[in-house]
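Participant: There's a structure below that I have some questions on.
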Amino acid sequence: QVQLVESGGGLVRPGGSLRLSCVASGSNFSLYRMGWYRRGPGQGRELVAAITSGGTTEYADSVKDRFTISRDNAKNTVSLQLNNLKPEDTAVYFCNAQPPCPNWGQGTQVTVAS
């Protein structure tokens, strides 16, 4: 019923940047605290950034000062700006509510390599 579609991933060299986007449909998006999650090779899914309905943000220590989360409630979208990327940022990135609902999108692959 609730659909989440992530996009914007790709292959980038260390130090480069990407901007990820997520479109949510089938839910009252503006009422939810939202997050970006990632799952690296051999790793579990971890929360990297979150944003409240009003725009208050928080970040994992590993990405603070490099990533920026934002949202546009009128467009039902949440974005993640990734700057100064490192190889350890390589992962599939997902958006969802925070805490997450059981429905996950396909995610978008970010690969950081020289």
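The values are calculated or read from the model by the stated rules, or taken from the named source; none is laboratory data. Here the structure is a predicted model, which means the values were calculated and not measured. Every residue, glycine among them, receives a Cβ derived from its backbone with ideal geometry; neighbour counts consider all protein chains shown. Keep in mind that these areas ignore ligands, DNA and RNA; they rest on the heavy atoms of the full protein, side chains included. Shrake-Rupley method; radii C 1.70, N 1.55, O 1.52, S 1.80 Å.
Participant: If contacts are Cα pairs under 8 angstrom and at least 6 residues apart, what is the relative contact order of the chain in percent?
Facilitator: For the chain, the relative contact order is 37 percent.
Participant: Starting from the Cα gyration tensor of segment 43-109, take the square roots of the eigenvalues, sort them a ≥ b ≥ c, and report rounded, prolate or oblate (rounded when a/c is under 1.5, otherwise prolate if a/b is larger than b/c, else oblate).
Facilitator: oblate
Participant: Here's something else I'd like to know. Averaged per residue, what accessible area in Å² does the chain show with a 1.4 Å probe, protein chains only?
Facilitator: Per residue, the chain has an accessible area of 53 Å².
Participant: Quick one: which residues, 5+ away or cross-chain, put their amide H under 5 Å from the amide H of Gln98? H built at 1.01 Å from N.
Facilitator: Amide H neighbours of Gln98: Arg33, Met34, Gly35.
Participant: With +1 on the Cβ of every Lys and Arg and -1 on the Cβ of every Asp and Glu, and nothing else charged, how large is the dipole of segment 1-100 about its Cα centre, in debye rounded to the nearest 20?
Facilitator: The calculation lands at about 120 debye.
Participant: Next question. Please turn the phi angles of segment 32-48 into ³J(HN,Hα) values with the Karplus equation 6.51 cos²θ - 1.76 cosθ + 1.60 (θ = phi - 60°), one per residue in order, whole Hz, x for glycine and proline.
Facilitator: Working through the residues one at a time gives 9, 5, 10, x, 10, 10, 9, 10, x, x, x, 10, x, 7, 10, 7, 10 Hz.
Participant: Of the options Val12, Trp104, Thr68, report the single residue whose Cα projects farthest towards the positive end of the charge dipole of the chain (beta-carbon charges: Lys, Arg +1; Asp, Glu -1).
Facilitator: Comparing the listed Cα positions along the dipole, Val12 ranks first.
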